[in-house]
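Student: Please read through the structure below; I'll follow up with questions.
The values are calculated or read from the model by the stated rules, or taken from the named source; none is laboratory data. Predicted model, so just to flag it, every value in this text is computed and none were measured. Cβ coordinates were reconstructed from backbone atoms using ideal geometry, including for glycine residues, and neighbour counts include every protein chain displayed.
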Amino acid sequence: MDTVLVDKRDGYAIVTFNDPDRRNVFTLEMSDGVIAAFDDLEADESINAVIITGAGKAFSSGGHLDELLDNPGHDGLRKIYSGFVRIANSRLATIAAVNGAAVGAGMNALLVCDLVIAGESAKFDSRFLQIGLGPGGGHTWRLRNKTDLQTTKAMVLFSEVLDGRRAADVGLAWACVADDELLTAAEALAAKAASAPRELLMRTKETIQRTAAIDDSDAAIDNELDTQVWSMGEAAFVDMVTALKARIAAKG
């Protein structure tokens with residue numbers, strides 16, 4: 001059984017964690033599958049966006065404890081989290097469609113995505129401390145960047161579990177929708193990303209990511225200049241201006 005399924009659509013793809021009997025536990029095999037999937041999707045010039053979801057009733061129940069114990073130390077843990085890191089480093093636009101429980105390291109697979117859409121049955125459960133384990137994979141930093149300091153502490157230190165509605169309220173999810181509308185909502189967003197020029201989308205994502213290190217206006221302007229100057233010479237912008245001028249001239 002393939003633990004990662006890839007379904008390419010018109011401009012975007014759906015990547016599904018496919019181990020429903022074990023609630024999509026994130027094994028090393030699944031991690032390798034995610035890496036291979038993203039390598040392929042980034043090489044496919046027809047794909048702009050990726051939706052990540054889980055088969056069955058769970059998004060992901062987290063890391064495999066036996067594999068965690070078998071891969072101790074810094075290098076071992078970096079190996080465990082390599083699949084999540086691959087998603088985080090992708091130049092494509094990424095959406096997590098959270099269809100059920102996302103537990104422990106399973107939350108990392110949605111925290112690394114650009115956008116999170118939650119089904120009403122979604123459950124966001126940090127759970128590291130409850131099993132006597134320190135958070136890993138950048139969990140606390142990513143959660144803090146998605147929400148706020150108090151929400152991060154509530155979930156990690158005080159074991160608060162959020163449902164889809166609450167996750168949307170605190171900004172962990174962009175929106176919460178009915179379970180049977182989850183993929184439709186995610187696909188509608190993916191289609192919008194798919195409609196943008198691919199290289200422009202990728203460069204703009206990188207521009208946004210660099211804003212985390214910017215703390216003044218001049219640096220913010222500089223951060224965008226290269227991409228904006230480049231885009232002004234590309235066909236999408238040039239053709240739009242040409243067509244606009246033609247419409248104006250026709251009206252005159």
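Student: Take residue 97 and tell me if it is closer than 20 Å to residue 130 by Cα, crowded, with 24+ Cβ neighbours inside 10 Å, in contact (Cβ under 8 Å) with a residue 60 or more places away in the chain and under 13 Å from the mean Cα position of the chain (by Cα).
Tutor: No, not satisfied.
Student: Still on this structure, please answer the following. Out of region 185-225, which residues are more than 21 Å from residue 147 (Cα to Cα), surrounded by fewer than 13 Cβ atoms within 10 Å (Cβ to Cβ), among the β-branched types (Val, Ile, Thr) and within 17 Å of the chain's Cα centre (by Cα)?
Tutor: Within region 185-225, none qualify.
Student: With respect to residue 148, determine if the residue is among the acidic types (Asp, Glu), in the same structural domain as residue 126 (by TED's automatic domain parsing), without any contact (Cβ under 8 Å) to a residue 12 or more places away in the chain and within 27 Å of residue 108 (Cβ to Cβ).
Tutor: No: the conditions fail for residue 148.
Student: Another question, if that's okay. Return the residue satisfying two criteria in turn: it lies in region 52-86 and is closer than 20 Å to residue 20 by Cβ and of a type in the set (A, V, I, L, M), and of such residues it is modelled with the lowest pLDDT.
Tutor: Among residues in region 52-86 that are closer than 20 Å to residue 20 by Cβ and of a type in the set (A, V, I, L, M), the one modelled with the lowest pLDDT is 65.
Student: Please list, ordered by residue number, the helices (runs of 4 or more DSSP H) wholly in region 146-202 having 2 or more residues that are in contact with a Cys (Cβ under 8 Å, 6 or more places away or on another chain) and modelled with pLDDT of 95 or more.
Tutor: Qualifying helices (runs of 4 or more DSSP H): 164-169.
Student: Can you tell me which residue in region 17-53 is surrounded by the fewest Cβ atoms within 10 Å (Cβ to Cβ), limited to those that are hydroxyl-bearing (Ser, Thr, Tyr) and over 13 Å from the mean Cα position of the chain (by Cα)?
Tutor: Among them, the one singled out is 46.
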